[in-house]
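To keep things clear, I will list the structure first and then write my remarks on it.
The values are calculated or read from the model by the stated rules, or taken from the named source; none is laboratory data. Keep in mind that this is a model prediction, so the values were computed, not measured. Counting neighbours? That spans all protein chains shown, and the Cβs are built from the backbone with ideal geometry, glycine included.
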Amino acid sequence: MSRPTSTLTDDKLIALITTKGSTEHFGILYDRYANKVYRKCLSFVKNEEAAQDMVQEIFLKVFYQLSKFKGNSRFSTWLYAITYNYCVEQYRKIHKIKKVDIDDRLDVPHDDDEKELLAIRSEYLKIALDKISPEDKMILLMKYQDDTPIREIMTTLEISESAVKMRLARARKRVREIVKDMESIA
Amino acid sequence: MENNFKDIEPLAVLPDRVKQETLAQLEAIKLLMGMVDLFTSKAGSTISASLSGSVELPSLPPGEQPPFPTDEADASPED
């Protein structure tokens, strides 16, 4: 007896979609991840309607790029990388911010306490994440909300391990500085 | 270890309508691309066949002139 399609692994579904162009199988993949993608979009644009449009765009993009997915990372990591990149792009458009090249050659900041960052009160953390650059926000969410291993962040963002660590350290530092300012005012 | 990043993820749920719209849009694009493919591959093969001379034009009854100038007609002197 054949296995019900809804229990197929992501990789099996992807194989079926890329060979047969099956929208039915794509629908299953959509059901698995659409809400996650939606929430990520919402955390960047803060507008339900805009976030719903973004989900549509992202999944259409994913359908046509699926053949490029080589399985070097989990499908979810690859999908979220597409999502974050799209969110950053949209955020820049909405806020009319120009893209800045990130210099990964700088030294890693010293005072880098991961525990302290993770314990920041949720309401402060939310505000701080909205104040840093969308690229910094993206890498922090990948690491601490999605639990993406450094190796997978490297692969999906196509940057070196030291660059990932550098960007994470800088982003953590920025968040801590903003939170410190907020606490001193409060 | 405490991780407040987990708490700040929005809890919103995507309406079903979005899935239907996405899949419908996908089907429409697939259909359109299929038509473009069909047209371009047919047109491509017809052009290549005509260039290689493998397309045969219907022959005319004896004595009848084609409704358009042919190479042979062009080659013949006018006077």
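Residues that are at the interface with chain A (Cβ under 7 Å from one of its Cβ atoms), exposed (fewer than 12 other Cβ atoms within 10 Å of the Cβ) and assigned to a helix (DSSP H, G or I): does the range B:8-27 have at least one? Within the range B:8-27, one or more residues are at the interface with chain A (Cβ under 7 Å from one of its Cβ atoms), exposed (fewer than 12 other Cβ atoms within 10 Å of the Cβ) and assigned to a helix (DSSP H, G or I). For the range A:15-54, taking the residues that are on the phi < 0 side of the Ramachandran plot and not in a helix (DSSP H, G or I), the one that is modelled with the lowest pLDDT is identified as A:Ser22. Considering only residues in the range A:1-14 that are part of a helix (DSSP H, G or I) and without any contact (Cβ under 8 Å) to a residue 12 or more places away in the chain, the one that is surrounded by the fewest Cβ atoms within 10 Å (Cβ to Cβ) turns out to be A:Thr7. When A:Ala50 is tested against (1) exposed (fewer than 14 other Cβ atoms within 10 Å of the Cβ); (2) under 19 Å from the mean Cα position of the chain (by Cα), exactly one condition is not met: (1).
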